[in-house]
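Input: a single structure, listed below in structure tokens.
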Amino acid sequence: MPIPLGPFRGRSIASLARDLRAGRTSSAELTRQAIDAVAALDPELNAFVTVDASGASAAARRADEELAAGTDRGPLHGVPVAVKDLVLVAGLPATMGSRHFAGHVAGSDAACVTGLRRAGAVIVGKTTTHEFAYGPTGDRSANGPSRNPWDVARMSGGSSGGSAAAVAAGLVPLAIGTDTGGSVRIPSALCGIAGFKPAYGAIPADGVFPLSRTYDHVGVLAGDAADCLLAYGRLARDGGPGEVSGPARVAWLDPAGLFDGDPRVARTVREAAGRAGAKEEVRLPDGAGEELRETYTIVQSCEAAAVHADRLERDPGLFDPEVLERLRVAAELPGWRYVRAMEARTRLAALTDALFARHDVVALPTVPIVAPPLDRREIEVDGRPIAVRPALLSLTSPWNVLGLPALTVPAGTVDGLPVGLQLLCRPGHEPLLFDTAALATG
């Protein structure tokens, strides 16, 4: 069953900004709406770990006072925002979804949070993450699973599941997430919203608890691509994307070359890509998909094991059992495999040229299945068993290896559940992603 929708579902950041400047609403009022919606809906959704009602209300009053005095910090000024619990916010708990950090309070802001404050955004609270961001399902966290607003018996996806659920349910219009192998895009697609993972390092990751430093990205989740672009422009190191002229040449990448999922998802997403002009197909060279997958898995596993080595030795019982088992398997990988995987990553960078030799944007599904039921690790499609975790990661993780900008937008539904269209481009060509998304969803 879906949950009722909160006050921000279908309300764009641009429209909120106009209402604020026209005096039709105030930041204090928007923030009150967000806090009330969380109180009413989140007991069932579990999108939030912490709500900072007093801090958010004080920030909203300051935002209103600044606007009244003529200080305008841009489109996020006075807008309520949520932040993934992996991202440090000074004075608020930072549990990383784990009992290892129960009671831990951040002493400083992450760089992206500093960017939010500089832009005048109002931080309402922290959102649920899969423990230490080590999982795409979003149902392994010390505070319980985040739930999909379309059907609370199903996964939100992970690891930024709380951020996606909060936006999809209309509790806030914008949220911050992290993406190591798809953790912004997977939950965005499963929850029917937009999510943007910029190029590697485009939004600084300082103050974000690491999973795999080689692949960790900070990203944004919002109701549509235009709102993602607004937020990205305020948080990017270089002020966001510049101008890229001309219509984008869009190609379709057959997802079966990476993972054989639900054909209904592929058909639905291809229709959306067709509206954006994707008629020709592009293919990865033979064996490239498997090599990308193996490289991703080895590098992420080894780096995650390094981050948690002391905790694995000292307090293994504090991990969720599934996360603990994954870390123990990761810790058994020999160092030579990591070295070879890093060498392969350098070699695989040439795939960027192959993907974009004749096209500006590549389109494919974000996830090859719809949101699985909570706690399920295998589902059936057309009589075939499909392992859930590899399926969720299959079409997103390769682009973290290559560090490509990647955007997911809603592409329709299958069995009444949302599916996402994923768009890729070279770094520096981000405006073409958003132009293409507008055609696909318009």
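The values are calculated or read from the model by the stated rules, or taken from the named source; none is laboratory data. Computed from a predicted model, the values in this text were never measured in an experiment. All Cβ positions, even for glycine, are placed from backbone atoms using ideal geometry, and neighbour counts span all protein chains on display. The accessibility values were calculated without ligands, DNA or RNA, using every heavy atom of the protein model including side chains. Shrake-Rupley method; radii C 1.70, N 1.55, O 1.52, S 1.80 Å.
Could you pull out the trypsin sites (Lys or Arg not before Pro) across the range 1-31 that fall in loop regions by DSSP (anything but H, G, I, E, B) with no more than 14 other Cβ atoms inside 10 Å? Listed in order of number, the matching sites are Arg24.
Helix content alone sets the calculated 222 nm mean residue ellipticity of the chain: runs of n ≥ 4 DSSP H residues at -39500 (n - 2.57) each, divided across all residues, give -11500 deg cm²/dmol. For the chain, the relative contact order is 17 percent, taking Cα pairs closer than 8 Å that sit 6 or more residues apart in sequence and dividing their mean separation by the residue count.
The shape of the range 323-442 comes out oblate: with a ≥ b ≥ c from the C-alpha gyration tensor, a/c is at least 1.5 while a/b does not beat b/c.
Mean separation of Cα pairs under 8 Å and 6 or more residues apart, divided by the residue count, gives the range 1-123 a relative contact order of 26 percent.
Using only the alpha carbons of the range 264-356, what is the convex hull's orientation-averaged projected area in square nanometres? Dividing the Cα hull surface by four gives the mean projection, 8.9 nm². Amide H to amide H, with H built 1.01 Å from N, Leu374 comes under 5 Å of Arg154, Met155, counting only residues 5 or more places away or on other chains. Share of carbon and sulfur in the accessible area of the chain stands at 51%, probe radius 1.4 Å. The residues of the range 1-125 expose, per residue, 41 Å² of accessible area to a 1.4 Å probe.
Remark: the range 283-343 carries 57 Å² of accessible area per residue (probe radius 1.4 Å; ligands, DNA and RNA excluded). Within the same chain, lysines fewer than 8 places from Lys84 are excluded, and of the rest, those with a Cα less than 17 Å from its Cα are Lys126, Lys197. Can you list residues from other chains, or at least 5 along the same chain, whose modelled amide H is less than 5 Å from the amide H of Val414? Result for Val414 returns Val419. Computed 3J(HN,Hα) for the range 395-404, one whole-Hz value per residue from the Karplus formula 6.51 cos²θ - 1.76 cosθ + 1.60 where θ = phi - 60°, is 9, 10, 5, x, 7, 6, 4, 8, x, 7, glycine and proline marked x.
The relative contact order of the range 196-252, computed from alpha carbon pairs under 8 Å that lie at least 6 residues apart in sequence, is 33 percent.
Accessible area per residue, 1.4 Å probe, Å², for the range 398-442: what's the number?
On the way: 1150 Å² over 45 residues.
Roughly 26 Å² per residue, with all protein chains present.
By the Kirkwood approach, averaging reciprocal distances over each pair of separate Cα atoms, the chain gets a hydrodynamic radius of 21.4 Å.
First obtain the Kirkwood hydrodynamic radius of the range 119-269 from its Cα pairs, then insert it into the Stokes-Einstein equation at 10 °C and 1.306 mPa s, and state the resulting D in µm² per second as a whole number. Write down the numbers at each step before the final one.
Details: Rh = 16.2 Å.
Answer, rounded: 98 µm²/s.
Averaging Cα coordinates gives a centre for the range 300-366 and one for the range 10-57; these two points are 36 Å apart.
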